[in-house]
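Structure first, commentary second.
The values are calculated or read from the model by the stated rules, or taken from the named source; none is laboratory data. Computed from a predicted structure; not experimentally measured. Don't worry about glycine lacking a Cβ; one is built from the backbone with ideal geometry, like all the others, and counts go over all protein chains shown. These area figures cover heavy atoms from the full protein model, side chains too; ligands, DNA and RNA do not enter into them. Shrake-Rupley method; radii C 1.70, N 1.55, O 1.52, S 1.80 Å.
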There are 2 protein chains.
Amino acid sequence: MTDLMSKIISLSKRRGFIFQSSEIYGGFGSCYDFGPLGVEMKNNIKKAWWEEMTRSKENIVGLDAAILMSPKIWEASGHLTAGFADELVECKKCHHRFRKDFLEESECPDCAGSLTEPRKFNLMMKTFVGPLEDEASCAYLRAETCQGIYVNFLNVLNSSRLKIPFGIAQIGKAFRNEITPGNFIYRTREFEQMELQWFCHPKEADDFFQYWKKERMKWYLDLGVKKENLRFRDVEKEELAHYAKAATDIEYKFPFGWKEIEGIHNRGEWDLSNHSKHSGEDLRYFDEKKKEKYFPHIIETSVGADRSFLAFLVDAYSEVKGGRTKTTEAAKEEEIVLKLGKKIAPVKLAVLPLVRNKPELVKKAEEIYKSLKSDFACYYDEVGSIGRRYRRQDEIGTIFCLTVDFDSLEKDDLTVRDRDTMKQERIKINDLAEVLKEKLGK
Amino acid sequence: MTDLMSKIISLSKRRGFIFQSSEIYGGFGSCYDFGPLGVEMKNNIKKAWWEEMTRSKENIVGLDAAILMSPKIWEASGHLTAGFADELVECKKCHHRFRKDFLEESECPDCAGSLTEPRKFNLMMKTFVGPLEDEASCAYLRAETCQGIYVNFLNVLNSSRLKIPFGIAQIGKAFRNEITPGNFIYRTREFEQMELQWFCHPKEADDFFQYWKKERMKWYLDLGVKKENLRFRDVEKEELAHYAKAATDIEYKFPFGWKEIEGIHNRGEWDLSNHSKHSGEDLRYFDEKKKEKYFPHIIETSVGADRSFLAFLVDAYSEVKGGRTKTTEAAKEEEIVLKLGKKIAPVKLAVLPLVRNKPELVKKAEEIYKSLKSDFACYYDEVGSIGRRYRRQDEIGTIFCLTVDFDSLEKDDLTVRDRDTMKQERIKINDLAEVLKEKLGK
């Protein structure tokens, strides 16, 4: 664990971004819960992605398929066969299992027994549906959300008036029984995906692959992620999954190294032709104008929502040694500023009366808070010195602090303090909602 | 299956609200997928609930806990014991199992073997985490989302500045291995909950129970559900779950009878005192002013998101025999109008050029569509007669149809047709965005 990751994990818990799951019972696996600020931030990320896909772009509709689905789908997709598996070795004495390729990094069993030959271990998480716990009632938690899109391809086509090229977007949970989860919320057994499956004519697939690469990189940049922390990594031919014709990862420079946060794949006709074969349904598309029938090729853009959450958080984290606000009592401490983009920050505004022992100030601040809170994610705080309160807001990435001071009572205005520049601007309370909408791009 | 339910299921599939899961593979269990219109409508319901809780109300924060959590939680909550179980009888010959209380309704096994004595069957869905499939790696899919809130009570308290009374709101999936799922999306094994847990002083619990009953009923009414289709049902003392001191259901009048869509429960100190006992963590609250330490009592409001989705859908469904628009070619058919509330409807606007063979009309309509689509859930349609297109929009609940006609080209205006009244109003295109925001309450 790097020093920086420790600080981010600590901040996440202290301020309510991310808690360890089941903490009062000693925690559980690699599961994490999103706290009050975390859930708002994650919702902002999901909303930004959803709007980008279903509103800003043309010809993309949404879908929300169930986590439980027919095991036949996972047979067809290849997930139940050896392909979707890790190689494990087992200690003959204590029967613990270890990932072969991670063996050197893993803690070896204390018992130090000899190890078996490597054996494939499937990553699908199993459950039982119905009253019997047997082979016939066995079902799986989906290991990827995209299969729910492929098997609904006909349903979407028949219920909409979409024509190729078009896309189906989906956000949802998926589960993989990872042997070695780790790096906080980076690799967990339960995770959330934001996936677009773009269906196009085979001849256009290469161009759309390039198009979506650019679009997806632009999305992170537009939301404020630093350019130097993002890169493409083209997946080598030998590394490609069985379904992929080409693949590029978008990687983020985490404290633990460059790691994938999104994969862009040219899946060719693999998924639709394969599901046609296994289900017996013809999933080819008929182009009425050209009188041409074909399996659309699929370009997939697949974001790890938790991974991108972590990237946004790491990217925004900054420390000012000795403090930014030299005049406060906290000047000698280290100040944290979370420079989250306007769309991503969980709290947009904080309303602060300059002091709490003046009832008129408190009353006015409360009124302003109430007038803003239904339109903006907004916080009210009257406890502690104003400098300390600014720091508390900076630490969670609040975009603007609105301070009600003595002049406010006479002039009916307040100061709007910018998180990043710390510049303060006096704004008339009558103009406040308009000015803030403008500044926050609402 | 009632006739009305058949029609609603058919509409849901035909127009892309709800599809059967894994349909091309013959379907799966009682699982359903939300299609392009369904996911937008469900998101609208979730957003309306989230905003009601975390924005309109005071002192409520959100949370998003993982589906997988420590099995110790389910031991403590009583879910792993006999209490959370159905009584099943088994056929000694074919080994099929049947719910004892549903036996008369269920299809009896063809083999007609004799039945065993009733036996408890637990409803928790099991899975295995880690490389071994044994007792020690056994975990459960959460059977209710609220446990994730209780075990995070301290985390939320310590990371926020909330004081009693306050609430924690959460939306998420839960799973129950129901033996007899049914009534479309009403009772499914995978379902979504929207839950508020309200923590208060024991002396205030009764008052808050009454307060939340009123507030929750008001929510449905404000979103447009018909009053005559909603009622409270107080749960009798004998029926109460082990954790509940009082319980009231909000019931909706479905075609298959009055059924619960939301439960409001006074859970007393059961959850926090019980988790204190089992975890060893003191979950009591300390009131600094009064120097009083106590287990907060909990008032819970628990909505079935899928059940309320179905209630909104059923409530909005209406048919006009012989048609509303007598002048169209469709006059003799039956017209469906989905009278969904403005916040719930998946599509707010449709932009329609009067005819498609006039390029100027089509161009103007497309321009208007493009100018509106980033602010409003908006649809563009040029195929078929205008009457037929109105009907297609009425059927999915589109609030306003904007028709671009020949006058539009000269006067730079268009007609805004109201779904419910069918009245048409001419609006200048320059004023359109403002007028629509006003009408749609944005």
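What the table below lists for this structure:
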item	result
Segments A:24-32, A:233-241 sorted - mean Cβ within 10 Å per residue, highest first	A:24-32, A:233-241
Reach of A:Lys291 by Cα under 17 Å, taken over lysines that are not fewer than 8 positions away in the same chain	A:Lys163, A:Lys203
Other protein chain Cβ atoms within 10 Å, averaged over every residue that makes up B:66-77	6
Label geometry 7 Å along the beta-carbon vector: B:Asp431 inter-copy distances in nm	2.8
Mean separation of Cα contacts under 8 Å, 6 or more apart, over the residue count of the stretch B:337-440: relative contact order %	30 percent
Pseudo-label separations to other copies for A:Val355 - Cα-to-Cβ vector, 7 Å, nm	7.6
Under 16 Å from the Cα of B:Lys237 - lysines, other chains or at least 8 residues apart	B:Lys245
Order of exposure, largest accessible area first, which applies to A:Glu190, A:Glu228 with probe 1.4 Å	A:Glu228, A:Glu190
Angle between chain B longest axis and helix B:3-15 axis [Cα atoms, degrees, rounded to 10]	70 degrees
The stretch A:215-265: relative contact order as a whole-number percent, Cα under 8 Å and 6+ apart	29 percent
With all protein chains modelled, accessible area of A:Lys13 [1.4 Å, Å²]	90 Å²
Solvent-accessible area buried by pairing B with A, both sides, nearest 100 square angstrom, 1.4 angstrom probe	7000 Å²
Value of relative contact order over chain B, rounded to a whole percent, pairs C-alpha under 8 Å and six or more apart	12 percent
Out-of-range pairs (alpha-carbon distance over 32 Å; input A:Lys343/B:Lys370; B:Lys218/B:Lys289; A:Lys72/B:Lys370; A:Lys57/A:Lys373; A:Lys226/B:Lys343; B:Lys214/B:Lys290)	B:Lys218/B:Lys289; A:Lys72/B:Lys370; A:Lys226/B:Lys343
Calculated log₁₀ intensity ratio I(q)/I(0) where the Debye formula runs over C-alpha points of the stretch B:337-440, q = 0.14 Å⁻¹	-0.46
Exercise: per-residue mean of other protein chain Cβ atoms within 10 Å, B:127-137	5
Share, in percent, of DSSP beta bridges within the stretch B:337-440 that are antiparallel, nearest 5	55 percent
Rg over Rh, two decimals, chain B (C-alpha only, Kirkwood Rh)	1.03
Order of exposure, largest accessible area first, which applies to A:Asp249, B:Asp407 with probe 1.4 Å	B:Asp407, A:Asp249
Helix-only CD estimate at 222 nm, as mean residue ellipticity for chain B, using -39500 (n - 2.57) per DSSP H run (n ≥ 4)	-8500 deg cm²/dmol
Whole-percent pair-distance distribution, where bins are 20 Å wide, for the alpha carbons of the protein assembly as shown	13, 45, 36, 6, 0
Nearest-first distances (nm) between copies at B:Asp282, label 7 Å from Cα via Cβ	7.3
Solvent-accessible surface ranking, highest first, for B:Asp287, B:Asp381, A:Asp222 at 1.4 angstrom	A:Asp222, B:Asp287, B:Asp381
Rg(Cα)/(2.2 N^0.38 Å) for the stretch A:218-328, N = residue count	1.59
Full-extension gain in nm, A:Glu260 to A:Ser385, via 0.36 nm per residue minus C-alpha separation	40.8 nm
Of B:Lys342/B:Lys442; B:Lys363/B:Lys411; B:Lys7/B:Lys321; A:Lys293/B:Lys13; B:Lys358/B:Lys437, those spanning more than 18 Å from alpha-carbon to alpha-carbon	A:Lys293/B:Lys13; B:Lys358/B:Lys437
Acute angle (nearest 10 degrees) that the helix B:270-279 long axis makes with the longest principal axis of chain B, alpha-carbon atoms	60 degrees
Rounded accessible area of A:Met69 (nearest 10 Å², 1.4 Å probe)	0 Å²
Rotation relating A and B, chain B residue nearest the axis via C-beta, angstrom	B:Thr127, 2
